[in-house]
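Participant: Below are the C-alpha cells for one structure; questions will follow.
The values are calculated or read from the model by the stated rules, or taken from the named source; none is laboratory data. Remember, predicted model here, so these are calculated numbers, not experimental data. So basically every Cβ, Gly included, is an ideal-geometry build from the backbone, and we count neighbours across all protein chains shown. Ligands, DNA and RNA are excluded from the accessible area calculation, which covers all protein heavy atoms including side chains. Shrake-Rupley method; radii C 1.70, N 1.55, O 1.52, S 1.80 Å.
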Amino acid sequence: MLAADNRAVPDVLLNKGEAEVTLKPIPKERYYSAEFASKEFDGVWGKAWQMACRVEDIPEKGDYLVYQIGDTSLLIVRVSEDSVKALHNVCLHRGRLLRDEDGKARDFKCPFHGFAWHIDGRCKFIPNEWDFGHIDKDAFGLPEARVELWEGFVFVNLNADAEPLEDFLENVPEAYRTRGWSLGARTKTVHVQKINRCNWKVALEAFIESFHVTETHRGAAPYLGDANTQYDVWENSKHTRMISPRGLHSPNIRPISDVEVFRAAVRGVAADEIEVPDGEFEPRAAIGQLRRQGLVESGVEVAEQATDSELIDTIHYHIFPNLVCWAGWGSYLVYRFRPYKKDPEMSVMDIMFLDPAAEPSGRLEPQIIGPDASHHEAPQLGGYCDVFDEDSGNLESLQHGLRAMTTAGPVTASYQEARIRHFHEILGQYIKDD
C-alpha cells in the first residue's frame, strides 16, 4: 500500500518494528488485584513520565489544574509565560489538600488554618508565625514533582532521579518532528472523560489493536483493513505503533467493489455530495485526495505534501504507560487511561481532539460521562460516539470475565496483539514483577 502511494513515503512510515515478544498468557490478577494495583502506584505511576494536561488547560499565569493519581495530588500551575510547575497539593501544616478542583489563583491558601504559598511554591504566610519559630520559612516551600513539556503536553514525574523526558520518549519525538505532525501546534477542541467499570489496562488494550474491528465495529469493516494492520514493536523500546489502513475492505468480510469501499469510507463526510470518480479508481487515493483538499482549504497547507497513509490511515503511538497519540493528518485523537481513584476495577479514559486549524480560546473543561452513560451525551464527539459506545460495551464484561477465567489469563495473537504483550513486559520491568 505504501509503495502505491502517490507521494514519496517518509522513512518514519517505512521504519518497521519487528521485535519478537514472548508468547505467554497475561496473568489475569493484573487486572483486578489490589496488591498488583499497589505495585503499579509505586513502580509505574511513581516512576514513569505521565501526561498530566495540555498547556491550553493552564493558559495564563495563576491557572492551575489538579492532577490526581493514586494517593498523589499535584497542582499543575502556570507560574509565568515560560514556566510550569507541579507542586504537591498538600498543606505542610496539617496535610489538608490545598485545592479540590481546577481554577486560577494568586496564591495557594489552605482553607483550614490559612497557611499560604506563592504560585511558584515559596512559602508566603504562616499564621501566628511567632508559634512556629522551629520552621525555616525559606525552606518551607511546597515539594515539587518534575515537569517537562512535549508537543503541548505537560508531563510530570514523581521520581526525582528519572531520565529526561526526551530520553524516555525514545523515537517518538523524531516521528512527529520529521513529518510536521506537531501536536504542539494544535489546539484541544474536545475533551471528554469516560468513567469505565474496568481496570485501566483493560480499556487501554482495547485501543491498541485493530483485531476487534470486524466483530465490534462492523460498520467499519467495509473500509478498514483491520487484519492488514501493521504493528510496530521496536527493540529496546517502551513505546509501540500501529498503522491500520483505510480505503480497503477488511479481509474478514466478503469482497466488495471499490465504489462500495469509497462510499463506506466517506459516508460520514456528506457522501451524497461527493461525486464518485468514473471508471477505475483507487479508493485510498480518492479518499486521501478528499482529505488533502479539505485540510488545505482549512489552512493546513502542509497536508498538500502528505501521503495518503498520513491522511487517512489510523496511525498511532502508544507512549508507555497510558498515553495514545494519533499521528499523521487523518485524525487528531489523543487517549489517556488512568485508574479511577484507587479502585483496580474502575478507570477513566480521556478522549481529546487536537485540531490543527483551531486557535486557542481559553481553558476547555472536560465533560465527564458516567459508567452507565452513552458517549452520545457528548455530541461534540460527532461520529465517534457510536464507535466509543461499541468499545465501552465490551469493557465491563471483560472485567467480569477476567475474574471468572479458570485459566491463567488472556492468550493473545502472535502478531495482532503483540503490542499488548509488549506493554505487559514493560509493565513488569517497572514493578519488577515476573
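Participant: Would you compute, from DSSP H runs of 4+ residues alone, the mean residue ellipticity of the chain at 222 nm, taking -39500 (n - 2.57) per run and dividing by the full residue count, rounded to the nearest 500? Each step should come with its number before you reach the end.
Facilitator: On the way: 11 runs with 99 residues, N = 434.
Calculated from helices alone, the mean residue ellipticity at 222 nm is -6500 deg cm²/dmol.
Participant: A further question follows. Please give the charge dipole size of the range 8-56, origin at the Cα centre, charges +1 on K and R Cβ atoms and -1 on D and E Cβ atoms. Round to the nearest 20 debye. If you can, show how the numbers build up before the last one.
Facilitator: Values: 7 positive and 8 negative charges, 22 e Å.
Once rounded to the nearest 20, the dipole reads 100 debye.
Participant: What Cys residues in the chain have no fellow cysteine's beta-carbon under 4.7 angstrom?
Facilitator: Within the chain, the cysteines lacking a partner Cβ under 4.7 Å are CYS53, CYS123, CYS198, CYS325, CYS385.
Participant: Follow-up. Taking the Cα centre as origin and putting +1 on Lys and Arg beta-carbons and -1 on Asp and Glu beta-carbons, what dipole magnitude results for the chain, to the nearest 20 debye? It would help to have the intermediate numbers written out before the result.
Facilitator: Details: 47 positive and 70 negative charges, 225 e Å.
Around 1080 debye, computed over the chain.
Participant: Separation of the range 292-310 and the range 159-238 by C-alpha centroid, Å?
Facilitator: 22 Å
Participant: Here's a follow-up. Given the Cα-Cα distance of SER83 and THR22 and 0.36 nm per residue of separation, how much length would full extension add, in nm?
Facilitator: Details: separation 61, 0.36 × 61 = 21.96 nm, distance 4.30 nm.
That pair, SER83 and THR22, stretches by 17.7 nm at full extension.
Participant: Expressed as a rounded percentage, what relative contact order does the range 144-252 have, with Cα pairs under 8 Å and six or more residues apart? Show your work: numbers first, answer last.
Facilitator: Numbers: 109 pairs, mean separation 20.1, N = 109.
The value is 18 percent.
Participant: Averaging over every viewing direction, what projected area does the convex hull of the Cα atoms of the chain cover, in nm²? Each step should come with its number before you reach the end.
Facilitator: On the way: hull surface 90.8 nm².
Averaged projected hull area, Cα only: 22.7 nm².
Participant: Set Lys and Arg Cβ to +1 and Asp and Glu Cβ to -1, take the dipole of the range 334-434 about its Cα centre, and tell me which of PHE353, SER374, ALA413 lies farthest positive.
Facilitator: ALA413
Participant: Mean separation of Cα pairs under 8 Å and 6+ residues apart, divided by the residue count of the chain: what relative contact order is that in percent? Write down the numbers at each step before the final one.
Facilitator: Working: 833 pairs, mean separation 96.4, N = 434.
The normalised contact order for the chain reaches 22 percent.
Participant: Taking 0.36 nm per residue of sequence separation and subtracting the Cα-Cα distance, how much length would be gained by fully extending the chain between SER38 and GLN289, in nm to one decimal?
Facilitator: Working: separation 251, 0.36 × 251 = 90.36 nm, distance 4.94 nm.
Separation in residues times 0.36 nm, less the Cα-Cα distance, equals 85.4 nm.
Participant: Count the net charge of all other residues whose Cβ sits under 10 Å from the Cβ of ASP102, scoring Lys and Arg as +1 and Asp and Glu as -1. All intermediate terms of the calculation are to be shown ahead of the outcome.
Facilitator: On the way: positive: ARG99, LYS104, ARG363; negative: ASP57, ASP63, ASP100, GLU101, GLU365.
Computed value for this residue: -2.
Participant: Could you sort THR406, THR22 by their accessible area in this structure, using a 1.4 Å probe and putting the largest first? Don't jump to the answer; show the numbers that get you there.
Facilitator: Values: THR406 135, THR22 85 Å².
The ordering from most to least exposed comes out as THR406, THR22.
Participant: Could you list, in their original order, any pairs among LYS28/LYS188; LYS61/LYS341; LYS201/LYS341 whose Cα atoms are separated by more than 26 Å? Could the numbers behind the result be given before it?
Facilitator: On the way: LYS28/LYS188 36 Å; LYS61/LYS341 29 Å; LYS201/LYS341 14 Å.
From the list (LYS28/LYS188; LYS61/LYS341; LYS201/LYS341), the Cα-Cα distance tops 26 Å for LYS28/LYS188; LYS61/LYS341.
Participant: Using +1 at the C-beta of Lys and Arg and -1 at the C-beta of Asp and Glu, which of TRP130, HIS93, GLN289 has the Cα lying farthest in the positive direction of the dipole of the chain?
Facilitator: Of TRP130, HIS93, GLN289, it is TRP130.
Participant: Net charge near ASP5, counting Lys/Arg +1 and Asp/Glu -1 over other residues with Cβ under 15 Å of its Cβ?
Facilitator: Working: positive: ARG7, ARG179, ARG246, ARG284, ARG291, ARG292; negative: ASP11, GLU282, GLU304, ASP308, GLU310, ASP313.
Neighbour charge sum, excluding ASP5 itself: 0.
Participant: I've got another one for you. Once the other residues with Cβ under 11 Å from the Cβ of ALA116 are scored (Lys, Arg +1; Asp, Glu -1), what is the net sum?
Facilitator: +3
Participant: Also, I was wondering about something else. What is the magnitude of the charge dipole of the range 180-314 about its Cα centre, with +1 placed on the Cβ of each Lys and Arg, -1 on the Cβ of each Asp and Glu, and no other charges, expressed in debye to the nearest 20?
Facilitator: On the way: 15 positive and 20 negative charges, 181 e Å.
It works out to roughly 860 debye.
Participant: Follow-up question, since we're still on this one. Which one, ILE426, ASN236, VAL261, projects farthest toward the positive side of the charge dipole computed for the chain from Cβ point charges (K/R +1, D/E -1)?
Facilitator: Looking along the dipole axis, the top candidate is ILE426.
Participant: Sticking with this structure for a sec: Tell me the relative contact order for the range 70-135 as a rounded percent, counting alpha carbon contacts under 8 Å between residues six or more apart. If you can, show how the numbers build up before the last one.
Facilitator: Details: 81 pairs, mean separation 13.0, N = 66.
Rounded, it is 20 percent for the range 70-135.
Participant: Using the per-residue mean of other Cβ atoms lying within 10 Å as a proxy for protection, in what order, highest first, do the peptides 103-109, 148-154, 416-422 fall? Spell out each step's value before the answer.
Facilitator: Details: 103-109: 15.3, 148-154: 19.1, 416-422: 21.7.
With the highest mean Cβ count within 10 Å placed first, the list reads 416-422, 148-154, 103-109.
Participant: Given a 1.4 Å probe and every protein chain left where it sits, what share in percent of the accessible area of the range 204-254 is carbon and sulfur? Numbers along the way, then the final one.
Facilitator: Values: 890 of 1810 Å².
It is 49 percent, rounded to a whole number.
Participant: Can you pull the one-decimal nm distance between simple spin-label points at ASP167 and LEU97, each 7 Å off the Cα toward Cβ?
Facilitator: 3.4 nm
Participant: Here is a further query. Taking a probe of 1.4 Å, how large is the accessible area per residue of the chain, in Å²?
Facilitator: Numbers: 19750 Å² over 434 residues.
Value for the chain: 46 Å² per residue.
Participant: Expressed in nm to one decimal, what extension gain is obtained for the pair SER182 and ASP136 from 0.36 nm per residue of sequence separation less their Cα-Cα distance? Provide the component values of the computation, followed by the final result.
Facilitator: Values: separation 46, 0.36 × 46 = 16.56 nm, distance 4.48 nm.
Working it through step by step, the gained length comes to 12.1 nm.
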